[in-house]
Structure formats: C-alpha cells, structure tokens
Amino acid sequence: MARVSIGLTVNGQAVSAEVEPRMTLADFLRDELGLTGTKLGCEHGVCGACTVLIDGAAVRSCLMLAVQAEGADVLTIEGLSHNGLHPVQEAYWEHHGLQCGFCTPGMVLTAYAFLQERPDPSDEEIREALAGNLCRCTGYQNIVVAVRAAAEKLAGAR
Amino acid sequence: MKPPPFDYIRPRGLDEALAILATHGPDARPLAGGQSLIPLLNLRLARPSLLVDLAFIPGLADVQAENGTVVLGAMVRQRTVERDALIAQRVPLLAEATRLVGHPPIRNRGTIGGSLAHADPSAEYPAIALALDAELVVRSASRERVVPARDFFVDLFTTALAPGELLTAVRIPVPPPGAGWAIQEIARRHGDFALAGAAVLLRQAGDGTCEHAAIALFGVATRPLRATAAEHALTGQPLTAESIREAAALAVEAIDEPLSDVHGSAAYRQRMAGAVVRRALEEASRRAGT
Ligand SMILES: Cc1cc2nc3c(=O)[nH]c(=O)nc-3n(C[C@H](O)[C@H](O)[C@H](O)COP(=O)(O)OP(=O)(O)OC[C@H]3O[C@@H](n4cnc5c(N)ncnc54)[C@H](O)[C@@H]3O)c2cc1C
Ligand code: FES
Ligand code: FES
C-alpha cells in the first residue's frame with residue numbers, strides 16, 4: 001500500500017514522515033517518534049489511555065490515523081511540562097491520583113484540556129469529564145480530588 | 001499495526017471525492033471523524049481497500065440558518081454541534097442530545113454526518129433526525145437527492161445510502177417557538193450507548209391540548225423508530241399524567257424488532273423504553289408553552 005507523507009507539529013517540533021495509511025497516530029507517536037508516554041489500553045476508544053491533544057482538543061490517538069494528523073498541532077504528555085511538573089501533574093502526585101500510572105498520561109491530558117475550558121468545575125462536572133477514562137487501580141475518588149486541586153493551583157497561578 | 005492494509009486519499013473538493021467513490025465502488029469507504037470506522041478497522045471488522053478522507057473538503061463543516069431551517073454540513077464535529085450558539089437557540093434538542101454522545105474526546109473528532117451514516121441503533125442523532133423530521137442531503141457523482149429521515153434508517157447499521165453516495169448535509173426544520181422537547185436515555189455510565197432512549201417534540205394548542213407529538217425511540221430496536229400510534233393517541237388530548245402514561249405504553253408496542261445483547265435483554269429494554277418515553281413526555285410538556 002502506498003505510503004503517504006505527512007507534516008505535523010508534535011510538542012512544538014515540526015515533524016515530517018512517510019507512513020503507511022493504516023498506522024494509527026498512537027503507534028506513530030510511540031514507535032516512530034519514541035514518545036511512549038502515550039499508552040495503549042483498548043485500541044478501540046473506550047479507555048482513554050491514549051488521549052493526546054490535537055490543536056488544543058483532547059482526542060483518542062488510537063482512533064486517529066497518522067495521515068489524518070496532516071497539518072495538526074499535537075501535544076503529548078511529554079510536551080506538557082517545561083520546568084518540572086505541570087500543575088496538573090503535581091496535583092495528581094500530591095493527591096495520590098495515580099498508582100501504576102498506566103492511565104495517567106491520558107487522565108492528565110483529559111483533565112488539562114477540561115480545565116482550560118472549565119477553570120472552576122463542580123465535582124459532578126469533573127466526574128463527567130473523566131467518565132471516558134478508565135483507571136484499573138487508583139480508584140476514581142483521588143483522581144477527582146486531584147483534578148479539583150489542579151483547578152485551584154491553576155487559578156492561583158493566574 | 002492493528003488495521004488491515006488500505007490506501008488513503010485526501011480529496012480537496014467534493015466533486016473529486018465523489019468521482020473517486022464512483023470509480024472504486026463498495027471497496028472505498030468515506031472516512032469522517034473515524035470514531036466508529038477506526039474501531040472497526042482496529043478490530044478488523046471492516047476491510048476497505050481505500051479510505052476517502054472527507055476532512056479536507058472545504059464547505060462540508062458549515063452550520064447555516066435558512067428560512068425556518070438549520071442546515072448542518074455532514075462534517076460538522078459533534079463538539080461544534082454541542083457549542084454552536086445558533087443550534088442552542090433554534091434546535092436545543094440537538095444540542096442537548098449531543099452531550100449524551102460518548103465523551104468530549106470522541107465528540108472532538110466525531111461528526112454529525114458520520115453518526116447518521118453509521119446508523120448505530122443506539123445512537124442519539126438518528127433518533128433526533130427522526131423526531132425533528134430532518135432531511136438528509138445525499139450526493140453521488142451523477143445526482144443529488146434529499147431523503148427524509150423516516151426513509152433513511154433501514155436496518156442495523158444500514159441506511160438508504162448506496163455505494164458511491166455521500167451524505168453532505170442535514171436540514172433540520174426549526175420547531176416553532178413554545179415547542180416542548182426532551183431527550184431521555186438509560187445508559188450504564190454517562191457517555192455510554194443507550195440501553196433505551198426517547199427523543200420527543202410536542203406542541204400545545206391554546207386550550208392546553210396536544211397539537212403535535214413526535215416520539216422517536218432509540219437503543220431498543222434494530223433502527224430508530226417513530227412511535228406513531230402513541231403520537232396519534234396523544235394528539236388532541238390534554239397533556240396529563242394519565243395521557244402520558246397511556247402514550248408511553250403504546251410507544252413500547254412500536255418496537256417490532258427488539259434489540260437484545262449482553263448489555264440488556266429485549267424484555268429489559270422494552271420496560272425501560274416505557275420509562276424513558278414517559279420521562280421525556282413529562283419533561284417536554286413542562287417545557288411546552290402556547
Ligand atoms: C468510546 C465511544 C463511545 C461512543 N458513544 C457514543 C454514544 O453514546 N452515542 C453515539 O451516538 N455515538 C457514540 N459513539 C460513536 C461516535 O458518535 C461516532 O463519532 C459516530 O458514530 C461516527 O461518526 P464519525 O464522524 O466518527 O464517522 P466515521 O467513523 O468516520 O464513519 C462512520 C461510518 O459512516 C460512513 N460515513 C461517514 N461520513 C459519511 C458521509 N458523509 N457520507 C457517507 N458515509 C459516511 C463511514 O464510511 C463509516 O462507515 C461512540 C464512539 C466511541 C469510540
Ligand atoms: S487505547 Fe485509545 S481509548 Fe483505549
Ligand atoms: S493508575 Fe493504574 S490504571 Fe490508573
């Protein structure tokens with residue numbers, strides 16, 4: 001099958017590549033760019049582990065082909081922090097919002113995108129925003145606590 | 001890599017896309033948001049030889065108001081539907097239904113046209129299209145036709161679209177001011193597919209009786225359904241707890257080919273259908289003004 005050339009931005013860096021059309025964005029990030037922070041759980045859209053940001057919006061990288069990311073601006077967990085942890089990451093750390101960490105990149109990026117839109121959410125809104133992300137070990141309670149704490153940290157920083 | 005191999009093409013215009021689809025026949029599949037098609041590819045349940053990406057075609061993602069109608073291009077993302085001010089004001093039922101479609105990351109990619117063309121029997125948009133008497137604009141390389149929502153949803157994941165045809169837009173008549181509307185569903189978690197759902201539109205006459213009722217069911221049969229007998233029974237009646245209960249019971253009888261799977265048996269879904277129709281009618285009648 002004919003390979004297709006793509007040009008996109010990943011964590012602020014211009015990237016160009018030739019890919020097989022069937023390669024998902026998740027596999028492209030992990031296997032071609034070595035950005036293994038993006039995790040793959042279910043590969044059909046239900047767990048949220050592979051969540052990345054495309055032009056500022058959270059999406060499933062397992063449900064996007066690399067060729068569809070032509071011209072896109074992609075942010076992965078590796079690109080979130082610049083000097084030390086990002087406030088959302090700090091909040092997860094401080095409030096035991098992670099245990100094994102497998103769901104965490106997707107959880108953090110989902111929360112990050114959500115808090116940009118909704119800087120002062122209710123607990124119910126936090127739960128709704130995270131309903132598409134599965135965690136098999138931490139338990140959701142501390143994750144909700146961490147997102148609320150992240151909202152406060154971000155509000156304080158403004 | 002999970003999906004089987006396929007070729008990929010990125011047309012920059014609608015005519016180009018239609019010409020490609022006409023040449024390649026049923027082996028070519030349009031790709032919209034990919035939120036249903038890519039899971040099918042990853043699971044190897046679909047094996048197209050060519051994907052035709054609709055995302056780079058200009059003009060397919062506009063929301064426009066024409067006299068009394070809101071027209072949405074097939075490639076309008078679900079997230080846009082959820083937030084668009086024009087839609088919120090003129091067709092609030094559509095905006096509300098969108099909040100029940102999956103999760104924000106799904107809606108950021110998924111499109112209204114993709115959802116209608118995919119025709120999942122548990123999806124919200126097909127039922128909304130039925131309840132609002134929407135019209136679907138369909139084009140092929142040789143012609144354009146307009147299909148009423150009533151004739152579009154044929155069976156499980158099957159629509160009136162023929163190979164080579166694209167859904168280009170959906171036209172939704174704006175309900176008159178004072179129309180009552182509601183969508184109710186039962187799902188395991190917020191964002192999961194409905195085990196039973198109902199979308200309702202009501203108009204009340206000056207004397208408080210029901211002038212028009214549209215009741216669409218989803219998640220309960222092989223395709224979304226209008227509960228016509230229930231609609232007729234309600235029309236001309238005052239909207240009371242009793243007339244609503246009767247209509248809900250009649251609506252359940254409209255379910256001709258019930259869905260049944262690990263998530264919910266046919267009997268369970270039928271009972272829940274009665275409950276969601278009742279709740280939706282109650283909510284819509286509270287909203288309805290004269
Ligand atoms: C975890 C998860 C949860 C979900 N939950 C829900 C839910 O609760 N409710 C719900 O309704 N949906 C749900 N969905 C499905 C989602 O709404 C999809 O976005 C939608 O069904 C398909 O839209 P799409 O734009 O992604 O289309 P695609 O996946 O790109 O295409 C779907 C099908 O339609 C065809 N197609 C697409 N566009 C056109 C067109 N313009 N003309 C002709 N054919 C076309 C494609 O060839 C394909 O066969 C969920 C999906 C996931 C992954
Ligand atoms: S791996 Fe993408 S949603 Fe589970
Ligand atoms: S921390 Fe282990 S899956 Fe969430």
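The values are calculated or read from the model by the stated rules, or taken from the named source; none is laboratory data. The model shown is predicted, which means the values in this text are computed figures rather than measured ones. Note that each Cβ is placed from the backbone with ideal geometry, even for glycine, and that neighbours are counted across all protein chains shown.
Would you confirm whether or not region A:117-125 contains a residue that is under 17 Å from the mean Cα position of the chain (by Cα), more than 16 Å from ligand 1 (Cβ to nearest atom) and among the acidic types (D, E)? Checking region A:117-125: at least one residue is under 17 Å from the mean Cα position of the chain (by Cα), more than 16 Å from ligand 1 (Cβ to nearest atom) and among the acidic types (D, E).
Reported count of residues in region A:6-30, each being within 11 Å of another protein chain (Cβ to nearest Cβ) and either part of a strand (DSSP E or B) or not hydrophobic (A, V, I, L, M, F, W, C) (or both), is 7. How many of the residues making up region A:21-43 are touching a strand residue (DSSP E or B) at 6+ places or on another chain (Cβ under 8 Å), more than 15 Å from A:V59 (Cα to Cα) and of a type outside the set (A, V, I, L, M, F, W, C)? Of the residues in that region, 3 qualify.
Taking each residue of region A:112-137 that is in contact (Cβ under 8 Å) with a residue 12 or more places away in the chain and more than 9 Å from every other protein chain (Cβ to nearest Cβ) and looking for partners that are away from ligand 1 (no atom under 16 Å from the Cβ) and not in a helix (DSSP H, G or I) with beta-carbon atoms closer than 6 Å, six or more apart or interchain, yields A:C137/A:Q99; A:C137/A:C100.
Go through region A:1-42 residue by residue and tally those that are within 20 Å of A:H82 (Cβ to Cβ), within 16 Å of ligand 2 (Cβ to nearest atom) and touching a residue at least 60 places away in the same chain (Cβ under 8 Å).
2
Region B:32-107 holds helices (runs of 4 or more DSSP H) entirely within its bounds, and those carrying 3 or more residues that are within 30 Å of A:I126 (Cβ to Cβ) and more than 11 Å from chain A (Cβ to nearest Cβ) map to B:78-83, B:85-90, B:92-98. Within region A:9-45, the set of residues being closer than 23 Å to B:L51 by Cα and among the β-branched types (V, I, T) comprises A:V19, A:T24. None of B:R145, B:R139 is touching a residue at least 24 places away in the same chain (Cβ under 8 Å) and either of a type in the set (K, R) or not assigned by TED's automatic domain parsing to the domain that holds B:A97 (or both) except B:R139. Pairs are defined by a Cβ separation below 8 Å, a sequence spacing of at least 6 or placement on different chains, a first member in region A:43-69 that is within 7 Å of chain B (Cβ to nearest Cβ), and a second member that is assigned to a strand (DSSP E or B) and small (G, A, S); the pairs so defined are A:T51/A:A58. Considering only residues in region B:1-29 that are assigned to a helix (DSSP H, G or I) and surrounded by fewer than 12 Cβ atoms within 10 Å (Cβ to Cβ), the one that is farthest from the other protein chains (Cβ to nearest Cβ) turns out to be B:D15.
The rows are residues; the columns are (1) assigned to a strand (DSSP E or B); (2) more than 18 Å from the chain's Cα centre (by Cα).
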| residue | (1), (2) |
| --- | --- |
| B:D133 | no, no |
| B:R145 | yes, yes |
| B:D151 | no, no |
| B:A162 | no, yes |
| B:I172 | yes, no |
| B:P175 | no, no |
| B:G178 | no, yes |
| B:W181 | yes, no |
| B:G197 | yes, no |
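Of the residues making up region A:50-65, none is outside the structural domain of A:I143 (by TED's automatic domain parsing), within 16 Å of ligand 3 (Cβ to nearest atom), within 13 Å of the chain's Cα centre (by Cα) and surrounded by fewer than 24 Cβ atoms within 10 Å (Cβ to Cβ).
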